[in-house]
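Asks: Here you go, one structure.
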Amino acid sequence: MEAVAEGLWGLADYAEKKGEIGKAVKCLEAICQSHASFLPIVEVKTRLRISTLLLKHSHNVNQAKSHLERSQLLLKQIPSCFDLKFRTFSLLSQCYHLVGAIPPQKQTLLKALDLTASLPPEVSVRLWACNFNSQLANALIIEGDYNSAISALESGFVSASQLCYPELQMFFATSVLHVHLMQWYDDNSVQSALRRCDDLWESLGPDRREQCLGLLFYNELLHIFYQLRVCDYKNANQHVDKLDAVMKADSHKMREAQRLTNELNALNQSLSRPDLPNRERSLLSSKQAQIQDRLSSMNNTNWSTEQPLEPAYFGNTKRPWQDKLVLAPPPIDGEWLPKSAVYALVDLMVVIFGRPRGLFKECAKRIQSGMRAIQVELAKLGITDGVREVDLQHSAIWMAGVYLMLLMQFLENKVAVELTRSEFVEAQEALVQMKEWFIRFPTILQACESIIEMLRGQYAHSVGCYSEAAFHYIEAAKLTGSKSMQAMCQVYAAVSYICIGDAESSSQALDLIGPIYRMKDSFVGVREQASVLFAYGLLLMRQDEYEEARARLAKGLQIAHNSMGNLQLIAQYLTILGHLALALHDTVQAREILRSSLTLAKKLYDIPTQIWVLSVLTGLYKGLGEIGNEMENEEYRKKKLDDLQTKLADAHSSIHHIELIDKVRIEVQQFHELDIKRAMESQSMRVNFDIPESVGLSTPMPASSSSRLLDLDNLDNRRRGKRKI
């Protein structure tokens with residue numbers, strides 16, 4: 001009977017090579033369904049082969065799971081065959097993972113680890129122990145047990161150390177860092193994990209680092225996320241530039257590899273001609289060998305593509321090896337994210353760091369290229385016009401979530417860029433796109449609801465609808481569990497209330513600012529501190545507490561300048577400080593500060609801030625009797641004001657304006673929510689980018705130079721209800 005099995009296995013291999021997966025599965029199922037008796041080991045190998053095919057080429061996870069569970073029962077009768085047992089444990093764990101059955105997954109992995117502990121510490125056994133600890137950590141993260149997840153990863157790190165395998169040690173070290181970033185217990189633990197990654201990466205040496213492209217991207221992006229969190233933007237920029245250069249080099253390499261592959265295919269076709277003259281055949285054969293050598297050297301990595309241990313199922317294994325950013329050798333064979341998603345993430349990082357510095361042209365290019373790449377990947381997953389989350393295959397949900405979350409991040413940054421440039425209609429269109437994606441995929445994009453509400457507030461504030469802006473900021477704060485996001489939304493709402501200008505609104509602003517101001521030093525990083533100092537200084541200025549306002553604003557400006565690099569926020573700080581200097585009759589300092597602010601506002605194409613600065617400068621020149629400067633300045637201010645009024649009129653007349661500012665939350669219809677949440681949770685280590693919300697998104701100021709906020713002459717309304725924190 002073994003000869004029959006060998007024959008059917010051969011037929012299955014032949015069918016798979018031809019892409020006829022259904023025929024391959026039928027050949028193998030013939031062994032399992034036969035009335036004749038096969039040896040248990042033959043049936044186990046066959047069921048493993050079926051499971052692998054189903055996982056690689058279909059969404060039929062449950063059938064694969066059934067075959068593996070049957071294999072596990074058969075293997076209990078066999079005292080040895082440890083390699084088969086390990087493969088079964090690993091693939092079965094992945095099946096439980098994909099269907100969201102976390103308790104049986106953990107039970108399977110713990111049994112597998114018990115088996116590895118009972119065997120002699122051979123290389124293959126320790127590699128499988130690494131595999132199981134990695135999977136166990138991910139399962140524990142889903143359950144929110146971060147300490148146990150770190151313990152599992154540390155066990156994997158120990159196994160990798162015993163193997164003297166620095167690349168594998170680096171895999172576990174970066175995974176530990178990722179968990180620390182997801183659940184920030186304390187600064188020391190995060191910094192210790194970060195230092196270990198730095199030391200290990202340095203110890204690899206330049207040649208080995210170059211061959212670990214997946215680890216390079218993973219490590220560098222984790223460093224960027226850390227630096228974003230602590231607002232270390234200057235050092236983060238170096239990592240972004242490095243990743244961007246590596247990405248461009250790898251893209252060029254892939255294009256060259258594709259060109260050589262096409263050339264090789266053409267040569268192979270020519271060499272297949274039976275009537276080819278010997279001399280020509282010899283020349284073509286020589287050229288064929290040269291191209292094959294070049295392709296072989298381009299695909300060189302530390303980990304052989306000849307995989308002696310069949311890898312566990314991690315994500316979409318249907319992509320060829322060179323299209324993956326592999327993090328570790330078989331049987332780990334893990335990816336954090338597909339290469340296209342990682343490259344989109346690099347584009348996103350370029351945008352996030354370029355936008356606050358006013359590099360809008362480059363940002364626009366990266367937003368466009370990133371969104372185009374994501375749309376291609378979404379189409380591969382079947383997400384085209386009209387498709388909703390209820391239509392998705394269960395096993396495609398988590399990958400869809402990765403790309404949809406990236407898409408929303410790009411759109412969020414597009415809204416921010418367009419609002420900074422006062423291109424309100426373009427901002428509307430991007431925000432409406434976000435809203436439509438959220439309505440189609442409400443469970444997958446549930447975390448984006450607060451971002452959308454915050455951006456509705458940003459839009460409403462930018463077009464002068466302050467009451468509506470405050471409403472949406474408060475709603476955004478209610479919708480998020482992030483302490484940082486809540487604080488930022490409350491600060492934004494406070495600024496909108498200040499812009500309304502009456503005593504009741506100022507009181508509401510103080511109620512929002514007070515608690516955040518008192519806890520400003522408890523946040524990781526300085527973003528919240530810089531923002532609340534801005535809002536509090538603004539409020540103090542409205543209450544005519546000029547000296548105290550200037551002290552708060554000067555401190556906030558120092559933080560924004562030294563740590564954040566957000567030019568719009570710096571320009572707005574300078575404008576208020578210039579305004580205060582003028583109110584305190586320090587005309588020399590006022591002139592210097594306001595000119596700096598105007599230069600920054602022009603660089604950002606920030607028309608409202610330009611108008612605001614020009615209004616204050618006009619008052620300065622008038623007070624100094626500089627009639628020529630006053631007239632020239634006022635003429636330029638009126639021109640900018642006309643430009644702004646035209647843009648505002650276009651925004652207010654748009655069909656989207658009312659739906660965006662309306663004081664109602666988005667209504668969505670929830671579909672099989674529990675199933676989708678489970679599928680999303682099952683890939684938490686991969687979906688959670690841990691990108692702080694709206695990094696560097698500054699607080700928009702009133703759109704008109706005649707705003708009550710800026711009118712230092714009309715003090716009557718501000719004499720009432722002075723309160724301090």
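The values are calculated or read from the model by the stated rules, or taken from the named source; none is laboratory data. None of these values were measured; they are calculated from a predicted model. Cβ: placed from backbone, ideal geometry, glycine included. Neighbour counts: every protein chain shown. Surface accessibility is based on the protein's heavy atoms, side chains included, excluding ligands, DNA and RNA. Shrake-Rupley method; radii C 1.70, N 1.55, O 1.52, S 1.80 Å.
Asks: Please determine, in degrees from 0 to 90 and to the nearest 10, the orientation of helix 466-479 with respect to the longest principal axis defined by the Cα atoms of the chain, where the helix direction is its Cα long axis.
Replies: Helix 466-479 sits at roughly 30 degrees to that axis.
Asks: What is the packing order of peptides 525-531, 552-558, taking the mean over residues of other C-beta atoms within 10 Å and listing the highest first? Could you put the intermediate results ahead of the total?
Replies: Details: 525-531: 24.6, 552-558: 19.1.
Highest-to-lowest ranking by the protection proxy: 525-531, 552-558.
Asks: Which whole-number value in Å² is the accessible area per residue of the chain, probe 1.4 Å?
Replies: Working: 30330 Å² over 725 residues.
On a per-residue basis, 42 Å².
Asks: Subtract the Cα-Cα distance of GLU548 and ASP643 from 0.36 nm times their separation in residues, and report this length gain in nm to one decimal. Intermediate values should be presented prior to the final figure.
Replies: Working: separation 95, 0.36 × 95 = 34.20 nm, distance 3.54 nm.
Gain in length upon complete extension: 30.7 nm.
Asks: Moving on. Taking θ as phi - 60°, what are the ³J(HN,Hα) couplings along the stretch 519-531 by the Karplus curve (6.51, -1.76, 1.60), each to the nearest whole Hz, with x for Gly and Pro?
Replies: Each residue of the stretch 519-531 in turn: 10, 4, 7, 8, 7, 6, x, 10, 4, 5, 5, 4, 6 Hz.
Asks: Expected output is a single nm value to one decimal: the length gained when fully extending between LYS663 and ILE41, i.e. 0.36 nm times separation in residues minus the C-alpha distance. What is it?
Replies: Values: separation 622, 0.36 × 622 = 223.92 nm, distance 6.60 nm.
This chain segment gains 217.3 nm when fully extended.
Asks: Helix 278-298 sits at what angle to the longest principal axis of the chain, using alpha carbons and giving 0 to 90 degrees rounded to 10?
Replies: Approximately 60 degrees, to the nearest 10.
Asks: How much length, in nm to one decimal, is gained on full extension between ARG518 and SER484, taken as 0.36 nm per residue of separation minus their Cα-Cα distance?
Replies: Values: separation 34, 0.36 × 34 = 12.24 nm, distance 1.42 nm.
Using 0.36 nm per residue and subtracting the Cα-Cα distance, I get 10.8 nm.
Asks: Give the peptides 569-579, 143-153 in descending order of average Cβ contacts within 10 Å, highest first. Provide the component values of the computation, followed by the final result.
Replies: Values: 569-579: 25.9, 143-153: 18.1.
Ranked from most to least packed, the peptides come out as 569-579, 143-153.
Asks: Another one. List, in the order given, every pair from LYS414/LYS483; LYS65/LYS111; LYS234/LYS361; LYS602/LYS663 whose Cα-Cα distance in the structure shown is over 27 Å. It would help to have the intermediate numbers written out before the result.
Replies: Numbers: LYS414/LYS483 24 Å; LYS65/LYS111 17 Å; LYS234/LYS361 21 Å; LYS602/LYS663 33 Å.
Too far apart for the 27 Å limit: LYS602/LYS663.
Asks: Give the distance, in whole Å, between the Cα centre of the stretch 177-204 and the Cα centre of the stretch 378-394.
Replies: One Cα centre to the other: 37 Å.
Asks: Given the C-alpha centroids of the stretch 21-93 and the stretch 464-535, what is the distance between them in whole angstrom?
Replies: Spelled out, the Cα-based centre of one part sits 58 Å from the other.
Asks: Turning to a different aspect of this structure: Taking H as built 1.01 Å from N, whose amide H comes closer than 5 Å to the amide H of VAL326, not counting residues under 5 places away?
Replies: Those lying under 5 Å, H to H, from VAL326 are GLY214.
Asks: Still on this structure: Can you give me the angle between helix 503-518 and the longest principal axis of the chain, using Cα atoms only, in degrees from 0 to 90, rounded to the nearest 10?
Replies: 50 degrees
Asks: First compute the accessible area of the chain with a 1.4 Å probe, then give the percent of it belonging to carbon and sulfur atoms.
Replies: Values: 15220 of 30330 Å².
Taking all protein chains in place, the chain shows 50 percent carbon and sulfur surface.
Asks: Hey, what's the Cα Rg ratio for the chain versus the globular rule of thumb, 2.2 N^0.38 Å? Working shown, then result.
Replies: On the way: Rg = 30.3 Å, N = 725, 2.2 N^0.38 = 26.9 Å.
This ratio for the chain stands at 1.13.
Asks: Ignoring ligands, DNA and RNA, how do TYR497, TYR185, TYR218 rank by accessible area with a 1.4 Å probe, largest first?
Replies: Working: TYR497 40, TYR185 105, TYR218 5 Å².
Output order, biggest surface exposure first: TYR185, TYR497, TYR218.
Asks: Quick one: Karplus J couplings for the stretch 3-10, per residue in order, coefficients 6.51, -1.76, 1.60, θ = phi - 60°, nearest Hz, x for Gly and Pro?
Replies: So the Karplus estimates, Gly and Pro as x, are 5, 4, 4, 4, x, 5, 4, x Hz.
Asks: Place the peptides 263-269, 642-648 in order of packing, highest mean first, counting for every residue the other Cβ atoms within 10 Å and averaging per peptide. Write down the numbers at each step before the final one.
Replies: Numbers: 263-269: 12.9, 642-648: 14.9.
Top to bottom by mean Cβ count within 10 Å: 642-648, 263-269.
Asks: So, in Å, what gap is there between the alpha-carbon centers of the stretch 593-641 and the stretch 330-344?
Replies: Each part reduced to its Cα centre gives a spacing of 51 Å.
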